[in-house]
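S.K.: If you scroll down you'll find the structure; I have some questions about it.
The values are calculated or read from the model by the stated rules, or taken from the named source; none is laboratory data. Every value quoted in this text rests on a predicted model; they were computed, and no experiment measured them. Cβ: placed from backbone, ideal geometry, glycine included. Neighbour counts: every protein chain shown. Accessible surface areas use protein heavy atoms only, side chains included; no ligands, DNA or RNA. Shrake-Rupley method; radii C 1.70, N 1.55, O 1.52, S 1.80 Å.
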Amino acid sequence: MKKFLLSIIYCYVHCILTAQEKNVFTVDDFVQQVKQFHPVAKQANLITKQAVAAVTAARGNLDPAIMFDASRKTFDGKNYYFYTNPELKIPIWIGADIKAGLESNGGAYLNPEVTSGNTSYMGVEVPLAKGLFMDKRRAAIQQAKIFQSQSTQERAQILNDLLFDAYTTYWQWAGSYTLYNLYNRFLQTASQRFRLVKIAFINGDRSSMDTLEAYTQLQNFEMLQTDAFMKLNDAYLELSTFLWQQNDSAYTLPATFIPDTVRFGEPLQYQSQEELVNTAFLQNPLLNIYNYKLDALQVEKKLKFQNLLPVINAKVNILNREYNVLKGLNAGFIENNYKWGIDFKLPLFLRQGRGDYQKAKLKIEEANYALSVKRRETENKIRSYYNQFTQMQNQLAIMQSAFNNYNILLKQEELRFRNGESSLFIVNSRENKMIEAGQKLVELRIKYQKTYYAVQWAGGLLR
């Protein structure tokens, strides 16, 4: 029964894999689908959109605003007062505010400082010390723009991690498929040999020991192929977890698709270590995120420096009767129709300002230390993976040569066996050595591919 079930599994898988030959799912197609439809990739795109929204919100600090202030008091039939004051306020980039408004005031007990009747005014309020070169609204806009640029790097970092996992999963699938085909080839050979030895035994040309030897070898390959099929199925399911459709529904790869085994066996090349390190220092998103954080901290430092300056705000308004503030405007008119004032404030010890400014400087120093550590870690990772990649190339060359040599020895031994000059035991030994070398060769190729992409991942270069 066990042999019957294994035969059914073998026939089923063999039929599927035979039908797959014309449906190669390349690594480029796979990665392109991951970048377009994977939820993590879409989440990464949302980061940049959120940053754009943050810039729009920050620019709202410079939006013109319409304000309206009105009050009225009537008591015992007396009109004590009424105030009506619509105003337009226009913030400008240099920290000043332009204001224009209308006033309609009256009543028996009107505040003497308030002009009765309909009047209009237009003026400007300008900081002369604190807030002249930097204020909260300008700092918010500058930092929002910096965070927008930083968000593109955060997106790149997320994609870098996602694509590394995707590449390694794909090549694990390709390796499992290659190993399955290797076992399948040996299984077919062992099955054919067992059939011939069995016929020879029936004809009296082979002993029962040869028949048993051939059968145990066949059973061994059946077990290896069954195990390889389970690993291939696991790799196939793992690969499908990266596949999604445009409508955000999960996508299962059809059984008619196979990996690109040609590219799996091709040699890979890299530029020099120094070029990789220099490229990573320029393009690594994690390092760039630290740089943008430093830029944002520099803006914060400039803002905190304003707390060391006195508050000196000058306010100037021109006034006019009725609702046309510019009516009859000339030098003589301005000289007799204005209102101005100055606000001044200076803490005597400046302890809050000095403390905030010192904290901002220390944050920058801390971020610089963190950036230096991260640069060093990145460089060491690149060099480590690069050295592994180079050593893996040498190991692959050795193992490929060993595999080829085992293949030659096996063919020669099979020839001697057919001529009656060797035993089936020796043939099986040669075959086991070759399949062991083939298994190690496939495992090395999987590690070789993973190490190749690990170098790019360490440098933050996967896009």
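S.K.: Test of understanding: given the chain, find the longest segment containing no chymotrypsin sites (Phe, Trp or Tyr not before Pro) that are in a DSSP loop and have at most 11 other Cβ atoms within 10 Å.
M.R.: Longest run free of exposed loop sites: 110-348.
S.K.: Assign unit charges at the C-beta atoms only (+1 for Lys and Arg, -1 for Asp and Glu), then state the dipole size of the chain relative to its Cα centre in Debye, rounded to the nearest 20.
M.R.: The dipole magnitude comes to about 900 debye.
S.K.: Hey, another quick one. Which percent of the accessible area of region 188-312 is formed by carbon and sulfur heavy atoms (probe 1.4 angstrom)?
M.R.: Carbon and sulfur atoms account for 56 percent of the accessible area of region 188-312.
S.K.: Right, something else. Note down the accessible area of THR189, probe 1.4 Å, to the nearest 10 Å².
M.R.: 50 Å²
S.K.: Same structure, new question: Cross-link candidates for LYS231: which lysines have Cα within less than 22 Å, leaving aside residues fewer than 8 places away along the same chain?
M.R.: Reachable lysines: LYS2, LYS3, LYS433, LYS440, LYS447, LYS450.
S.K.: Give the longest segment of the chain that steers clear of GluC sites (Glu not before Pro) in DSSP loops with at most 11 neighbouring Cβ atoms within 10 Å, not counting the sites themselves.
M.R.: After excluding every exposed loop site, the longest remaining stretch is 114-321.
S.K.: How much solvent-accessible surface does ASP343 expose, in Å² to the nearest 10, with a 1.4 Å probe and all protein chains in place?
M.R.: The value for ASP343 is about 60 Å².
S.K.: Grab the other residues whose beta carbon is less than 13 angstrom from that of ILE47, score K and R as +1, D and E as -1, and report the net.
M.R.: Local charge sum for ILE47: +2.
S.K.: On to the next question. Determine, from the Cβ-Cβ distance of ILE334 and ASN380 and an R0 of 51 Å, the FRET efficiency 1/(1 + (r/R0)^6), rounded to the nearest 0.05.
M.R.: 0.15
S.K.: Something else now. What does the accessible area of THR119 come to, in Å² to the nearest 10, when a probe of 1.4 Å is used?
M.R.: THR119 exposes around 10 Å² with every protein chain in place.
S.K.: Another one. May I ask for the net charge around ALA437, where only other residues with Cβ less than 13 Å from the Cβ of ALA437 are counted and Lys, Arg are +1 while Asp, Glu are -1?
M.R.: It works out to a net charge of +1.
S.K.: Full extension from GLN50 to THR241: what is 0.36 nm times the residue separation minus their Cα-Cα distance, to one decimal in nm?
M.R.: 66.1 nm
S.K.: So between ASN419 and ASP248, what do we pick up on full extension, going 0.36 nm a residue minus the alpha carbon distance?
M.R.: 55.3 nm
S.K.: Still on this structure, please answer the following. Could you list, bin by bin from short to long, the percent of Cα-Cα pairs of region 94-205 in 5 Å steps?
M.R.: Taking all Cα pairs of region 94-205, the binned fractions are 2, 8, 7, 6, 6, 6, 6, 6, 5, 4, 4, 4, 4, 4, 3, 3, 3, 3, 3, 3, 2, 2, 2, 1, 1, 1, 0, 0 percent.
S.K.: Label-point separation (nm) for ASP205 and LEU294, each offset 7 Å from Cα along Cα-to-Cβ?
M.R.: Between ASP205 and LEU294, the simple spin-label model gives 8.0 nm.
S.K.: Under a point spin-label approximation (7 Å from Cα along Cα-to-Cβ), what is the ASP29-THR256 distance to one decimal in nm?
M.R.: 1.1 nm
S.K.: Rank these residues by their accessible area, most exposed first, probe 1.4 Å: MET399, MET209, MET67.
M.R.: Per-residue accessible area, sorted high to low, gives MET209, MET67, MET399.
S.K.: Report ³J(HN,Hα) in whole Hz for each residue of region 216-226, in order, from the Karplus equation J = 6.51 cos²θ - 1.76 cosθ + 1.60 where θ = phi - 60°; Gly and Pro get x.
M.R.: Each residue of region 216-226 in turn: 5, 5, 5, 5, 4, 5, 5, 5, 4, 5, 4 Hz.
S.K.: Aspartates and glutamates near LYS361 by alpha-carbon distance under 19 Å, same-chain residues fewer than 8 away left out - which ones?
M.R.: ASP135, ASP295, GLU300
S.K.: Let me ask something else. Pairs to check: LYS315/LYS363; LYS42/LYS302; LYS49/LYS302. Give those whose C-alpha atoms are more than 30 Å from each other in this structure.
M.R.: LYS315/LYS363; LYS42/LYS302, as the Cα separations exceed 30 Å there.
S.K.: Working out 0.36 nm times the residue gap between ASN278 and ASN394, then minus their Cα-Cα distance, what length gain in nm do you get to one decimal?
M.R.: So the chain would gain 39.2 nm between ASN278 and ASN394.
S.K.: Counting Lys and Arg as +1 and Asp and Glu as -1, each charge on the Cβ, what is the dipole of region 31-153 about the Cα centre in debye, to the nearest 20?
M.R.: 740 debye
S.K.: For mean projected area of the Cα convex hull in nm², pick the label among (i) 39.2; (ii) 24.0; (iii) 20.9 that corresponds to the value derived from the coordinates.
M.R.: The calculated read-out lines up with (i).
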